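The values are calculated or read from the model by the stated rules, or taken from the named source; none is laboratory data. Source: prediction; values computed, not measured. Cβ sites come from the backbone with ideal geometry, for glycine too, and all protein chains shown count toward neighbours. SASA here: full protein model, heavy atoms, side chains in, ligands and nucleic acids out. Shrake-Rupley method; radii C 1.70, N 1.55, O 1.52, S 1.80 Å.
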Amino acid sequence: MRFVDEFRDPKLAKTLIERLHQRAALLPFTAEKPMQIMEVCGGHTHAIFKFGLDKLLPPQLEFIHGPGCPVCVLPMGRIDACCEIAAHPGVIFCTFGDALRVPGKHGSLLQAREQGADVRVVYSPLDVLKLARENPASQVVFFALGFETTLPVTAVTLQQARHERLTNFSIFCQHISLMPTLRSLLSQEDVRIDAFLAPGHVSMVTGTAPYHFINKEFGKPLVISGFEPLDMLQSVLMLVEQVCEASCKTENQYRRVVPEEGNLLAQKAMREVFALAGSSEWRGLGVIEASGISLTPAYASFDAEQRFNPQTQPVADDPRSRCGEVLTGRCKPHECPLFGSGCTPHNAFGALMVSSEGACAAWYQYRHQETAVADNPQRQNVQQKVSQDE
Amino acid sequence: MSDRQQVVTMAHGSGGRAMQQMIEQMFLRAFDNPWLNEREDGARLSLAGLSARGDRLAFTTDSYVIDPIFFPGGNIGKLAVCGTANDLAVSGATPAYLSCGFILEEGLALDDLQKIVSAMAQTAKDAGIAIVTGDTKVVQRGAADKIFINTAGIGVIPTAVNWAAGTIKVGDKVIVSGTLGDHGAAILNLRENLGMELGVESDCAVLAPMIAPLRSLAGVHALRDATRGGVNAILHEFSAASGFGISIDETTLPVKPAVRGICELLGLEPINFANEGKIVAVVSAQAEEKVLSLLRNSPLGADAVTIGEVTLNPQVCLRGALGVSRQLMLPHTEPLPRIC
Ligand code: SF4
């Protein structure tokens, strides 16, 4: 398949991995204290596990999984607000598939649907507009979330809705901006991150300039990376080279998609529709200044929060859960006491386990049996079987 | 006749004249066979005829509730015949007789019903299967989604055939009969209005002719048709039933480029996508080449390949292009597309 297979070529990967091993040996890092590279984006986390990239790295390098999954950083209470809005008679509540199973305190949107709410999965907010046009008697609400990757599409959708003067369409806006999130992460005390793999899709919109503070203020190298295995291996090599050369800059590995200045049209649409407004609380990250995204006055009438006024629901997480620490790279998913027992993809406690982007779900899907194989009952059957055969 | 579209009405389920007419003009005409034409409450089937063909009956049932009811490569009727016939065929049986029960929603276009019934009749006829008894119910608008079909089937298993997951051994080869996920991708594209020009049709087909030659072969251990849950679900069933594991080589999985494309786009895996015309077979290493060549002799199995083997370690693992193995989990429910 063109544009995919060339970025998964095993021969090229081998060359890159060999080079990584050579160069990593020159780093001031060791297997005991490896260079910690945070992949911010859930898409990268997924690719790492899917292709087993972490297992191919030299021991001096380690991936840590960042907060870049928009579903994972949603506080539980916001899901409760969604369910509350969805339960209003006459509301059609639309969401991306990821958010459907995220548990709130009073259940997930999927459970709200089972209880009779009209909750629908969409692939694009533009589909929601269509629903609004086709159902003039209903209030159609879109659960808008995501970083700069999805912000422009929501903006364009709102522009369209305003242009058409739709009165039965609104959004529950839980968008989040990446840069304040990174800044807050780096400002936290015991977080140790040595370098960043920045998400290609977000950067496609923002361009490269907004990342410069990470080099200048925090002294961390950063490479904007594509999502294919070769992209990611090359990006890691670029980071290693930077450290070897004692340089610290923002580099763009994903040039085929990410222009230096980003997408100016998307930026314009975002500026027209959204404003960074005040601090906002995010799961695992605490309160982040200037991270809340709200609608500009011209679009305020499309704000579902104003229209339906759901209760604010501060929800304390289970004290044993370590979602926040996983999100900030302080611990690995399986180190959470709930992992695999109180929290599985079938019965998730935290969003990191629900969303396929989430670090815990990825770990569970791709790594779980490595840690759990010892107590697998099947294993005993096999051993019995083998001894019978013998 | 008026221009208004003729639709199923509550009268068609009343037991009265409207119903008799529909049964006669639509079902009896399409399915036409001596057992059905007797018009008794149950089909009367000759035991002698059955026992001449083998020593065990295979008996299965399945209900079809698919949305949309028409799709590239088939419709719900064709699916209802193929699905049940295939369940019989993978157990080693020759599918012989089918029953079918219709639940129709008031308002369903009679033209659509006619197309569905014709597809059922044609598919059954091509496969040498007789639809010998049936039932029709009509429910009020909203109480069902257009049409639900249940089919049950019986077939006969020849004495020599003993396929079962319990006979799987370490070192056996795992074979699929063709490309993965065609049905799932075609349906997803339509159902979710993705509007992609996939050029992929559902693989919906009766597999009995492809499977039949395998019955005389030693070393065929287990067969399943990979429907919902895809090949992944079957691998897990085999693993659970045998107590062994299965290791799959990802680079060998046959997937059409368009299906791969839709999967890449939505963050889904073709190994989890539904098929309606593919089998997974576990066979001894000695029988591997013979099975592959027999499958490839049939147009339904032209793309048959070995995708992996049975291992002692009771996990289902996937070895990727870069050489790293990972455990393949069974998704809890239908996987949902990712947002970014
Ligand atoms: S295992 Fe569950 S509770 Fe623990 S960190 Fe992961 S998502 Fe949170």
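What the table below lists for this structure:
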| quantity | calculated |
| --- | --- |
| Test: residue in the range A:38-49 that is open to solvent by 30 Å² or more (accessible area, probe 1.4 Å) and within 10 Å of another protein chain (Cβ to nearest Cβ) | no |
| Set B:Leu217, B:Leu194: member being over 22 Å from B:Leu292 (Cβ atoms), surrounded by fewer than 24 Cβ atoms within 10 Å (Cβ to Cβ) and out of contact with any Pro (no Cβ under 7 Å at 6 or more places or on another chain) | B:Leu194 |
| Enumeration of residues in the range B:207-266 that are more than 19 Å from B:Gly308 (Cβ to Cβ) and hydroxyl-bearing (Ser, Thr, Tyr) | B:Ser216, B:Thr227 |
| Residues (within 14 Å of chain B (Cβ to nearest Cβ) and assigned to a helix (DSSP H, G or I)) located in the range A:333-345 | A:His334 |
| Residue within the range A:103-118 that is modelled with pLDDT of 90 or more and either in contact with a Phe, Trp or Tyr (Cβ under 6 Å, 6 or more places away or on another chain) or closer than 23 Å to A:Arg330 by Cβ (or both) present | no |
| Lone unmet requirement of (1) touching a residue at least 60 places away in the same chain (Cβ under 8 Å); (2) more than 14 Å from chain B (Cβ to nearest Cβ); (3) within 16 Å of the ligand (Cβ to nearest atom) for A:Ala348 | (2) |
| Those strands (runs of 3 or more DSSP E) lying entirely in the range B:285-340 with at least 1 residues of a type outside the set (Lys, Arg), surrounded by 16 or more Cβ atoms within 10 Å (Cβ to Cβ) and modelled with pLDDT under 95 | B:316-319, B:325-327 |
| Residue satisfying condition, being away from chain B (no Cβ under 14 Å) and of a type in the set (Phe, Trp, Tyr), within set A:Phe142, A:Phe147, A:Phe172 | A:Phe172 |
| Test for B:Gly230: is it farther than 27 Å from A:Gln365 by Cβ and either away from every other protein chain (no Cβ under 14 Å) or modelled with pLDDT under 95 (or both) | no |
| Residue in the range A:85-94 that is under 22 Å from B:Leu265 (Cβ atoms) and within 12 Å of chain B (Cβ to nearest Cβ) present | no |
| Residue match in the range A:281-294 (condition: within 16 Å of the ligand (Cβ to nearest atom), surrounded by 14 or more Cβ atoms within 10 Å (Cβ to Cβ) and not in a loop (DSSP other than H, G, I, E, B)) | yes |
| Test: residue in the range B:56-67 that is assigned to a strand (DSSP E or B), on the phi > 0 side of the Ramachandran plot and under 13 Å from the mean Cα position of the chain (by Cα) | no |
| Scan of the range A:207-234 for residues that are away from chain B (no Cβ under 14 Å) and in a helix (DSSP H, G or I), ordered by number | A:Ala209, A:Pro210, A:Tyr211, A:His212, A:Phe213, A:Ile214, A:Asn215, A:Lys216 |
| Complete set of residues in the range A:50-64 that are more than 10 Å from chain B (Cβ to nearest Cβ) and farther than 19 Å from A:Ala24 by Cα | none |
| Within the range B:147-158, tally of residues that are closer than 17 Å to B:Lys78 by Cα and surrounded by fewer than 20 Cβ atoms within 10 Å (Cβ to Cβ) | 2 |
| Number of the exception - B:Cys263 against (1) farther than 17 Å from B:Val176 by Cα; (2) more than 9 Å from every other protein chain (Cβ to nearest Cβ); (3) open to solvent by 30 Å² or more (accessible area, probe 1.4 Å) | (3) |
| Of residues in the range A:319-332 being assigned to a helix (DSSP H, G or I) and either in contact (Cβ under 8 Å) with a residue 60 or more places away in the chain or within 14 Å of chain B (Cβ to nearest Cβ) (or both), the one farthest from the ligand (Cβ to nearest atom) | A:Leu327 |
| Options A:Gln242, A:Gln267; residue that is open to solvent by 30 Å² or more (accessible area, probe 1.4 Å) and closer than 22 Å to A:Arg183 by Cα | A:Gln267 |
| Top-ranked residue in the range A:299-314 [being in a loop (DSSP other than H, G, I, E, B) and open to solvent by 40 Å² or more (accessible area, probe 1.4 Å); ranked as farthest from the ligand (Cβ to nearest atom)] | A:Asn309 |
| Residue match in the range B:96-113 (condition: touching a Pro at 6+ places or on another chain (Cβ under 9 Å), among the hydroxyl-bearing types (Ser, Thr, Tyr) and at pLDDT 95 or above) | no |
| Filter result for A:Ile85 (assigned to a helix (DSSP H, G or I) and modelled with pLDDT of 95 or more) | yes |
